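Take a look at the structure below.
The values are calculated or read from the model by the stated rules, or taken from the named source; none is laboratory data. Everything quoted here is computed from the prediction, not taken from an experiment. Every residue, glycine as well, gets a Cβ built from its backbone with ideal geometry; the counts of neighbours run over all protein chains shown.
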Amino acid sequence: MFLLKLAALNVRRNVRRSLITIFAIGIGLAALIFLWGFSDGSTEQTKQNITKLFTGHVQIHVPGFEKKLSVDLIIPDREMVLNEIQSNSNVAAFSERVKCNALIGNSNNSNGVLLIGIDPVKEVSVTNLQDHMIKGQYLDSKDKKGLILGDLLAKKLELDVGDKAVVMTQSFDGTLAGYAYHVRGIFHTGGRMNDENCSYINLASGQNLLDIDKQSHEIVILLKDREAIPSFISSMKNSLNPSAYEIRSWDEILPEPMMWIQWYQFIMRTIFLTIMIVISVGIMNTVLMSVFERTKEFGVMMAIGTSPQQIIKLILLETLLLEFCGVVFGTVLGYLIVFYFGKYGIAFKQLEAALSQSYMGTVVYTSVEPVHVLESIISLVLITSVISLYPAWRAGHMEPVKAIYHS
């Protein structure tokens, strides 16, 4: 207790230097928390964009459908599969789709697209495509002649709301099927794959176009919690014949974004380590300077019986007190910054083309995981404590006589 009181007294002796050290620790920790907030926020946003715009949490197909997109690969025993999904307590919503490669165009232009037939009523509870309409309106379940498409595709085909577009594809029996649709709306999701290559029609219209009655190619499932994906997939694989159905999670369907996220987190951790080293070296220099300035003081203390171990403990206690004040200041400041940008976001409008490949939005809203804050605090305290051992060891191994007469 005496050493702790003495350490507190020594910290207050040079207020300016102590405040500089506290601010250095605090600002460094706040920067770490903000970077974690940016990383966690952008990662979560990427996952949300993928699951709420494209994949849902889990999809069920016939094996090989995603690669081939063959019209005849419809889901067998569809009613039984739907009943299994409905009976699972983890399921929040689900929707059926039909998919095929098609040619879309007008009298002037044509382009290959991924044509997706969706149930407009059920789809809104699984994905949020309806929130991204920039022109016209979303699909109507009663409108069998309506079509919506991405803004990049519409620009390429020179189509606008109200224009007629002819869709041609191969039907179930192998014959050429074609239908004239009217553009009801144009969407912009920020994902280049969707905005440039996808077109959506009513599910019933898609089934009629492909001549597959009321069958579907894909069932998209949204769970109550993303963490429940492994248990849900395991449950469904136990209930369904694994050779007849392919049950895949969103990150298996689109593995590229997860690879990008892992690479991004590696870069972030490198930056975190660099910041920690810079802060730690700064603290070591501060403590070392303090030791040099108090050389005579330490010499007198050892001359009157203070042991080297007590000198080392005193220096480490002073460092810990500075770290504690810096951590409190940095944690509060870091959370305030994360809260502010979590509410107002950080805009990257000019980088939309680049970010579209990673499915990250052009406005990032920060949010930090408590475990990452705790990890930053513990790492910072450990590194700064270890790196301050050298000045403490130097102070504890001075020769009293030489230290007293040091100039």
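For the stretch 283-292, state whether one or more residues are of a type in the set (A, V, I, L, M) and exposed (fewer than 13 other Cβ atoms within 10 Å of the Cβ).
No, the conditions are met nowhere in the stretch 283-292.
Might you check whether a residue that is within 23 Å of the chain's Cα centre (by Cα) and crowded, with 18+ Cβ neighbours inside 10 Å occurs anywhere in the stretch 235-248?
The answer is no, given that none of the residues of the stretch 235-248 is within 23 Å of the chain's Cα centre (by Cα) and crowded, with 18+ Cβ neighbours inside 10 Å.
Output the number of the condition that E79 fails; it satisfies all remaining conditions of (1) more than 20 Å from T189 (Cβ to Cβ); (2) loosely packed, with under 13 Cβ neighbours inside 10 Å; (3) touching a helix residue (DSSP H, G or I) at 6+ places or on another chain (Cβ under 9 Å).
With (1) more than 20 Å from T189 (Cβ to Cβ); (2) loosely packed, with under 13 Cβ neighbours inside 10 Å; (3) touching a helix residue (DSSP H, G or I) at 6+ places or on another chain (Cβ under 9 Å) applied to E79, the lone miss is (3).
Just checking, how many residues over the stretch 172-213 are farther than 27 Å from K135 by Cα, touching a residue at least 40 places away in the same chain (Cβ under 8 Å) and surrounded by fewer than 23 Cβ atoms within 10 Å (Cβ to Cβ)?
3
Of everything in the stretch 294-310 that's under 50 Å from the mean Cα position of the chain (by Cα) and modelled with pLDDT of 75 or more, which residue is surrounded by the fewest Cβ atoms within 10 Å (Cβ to Cβ)?
Q309
From the list L19, L73, L69, L29, which residue is surrounded by fewer than 21 Cβ atoms within 10 Å (Cβ to Cβ) and either in the same structural domain as L336 (by TED's automatic domain parsing) or closer than 30 Å to M268 by Cα (or both)?
Testing whether each residue is surrounded by fewer than 21 Cβ atoms within 10 Å (Cβ to Cβ) and either in the same structural domain as L336 (by TED's automatic domain parsing) or closer than 30 Å to M268 by Cα (or both) leaves just L19.
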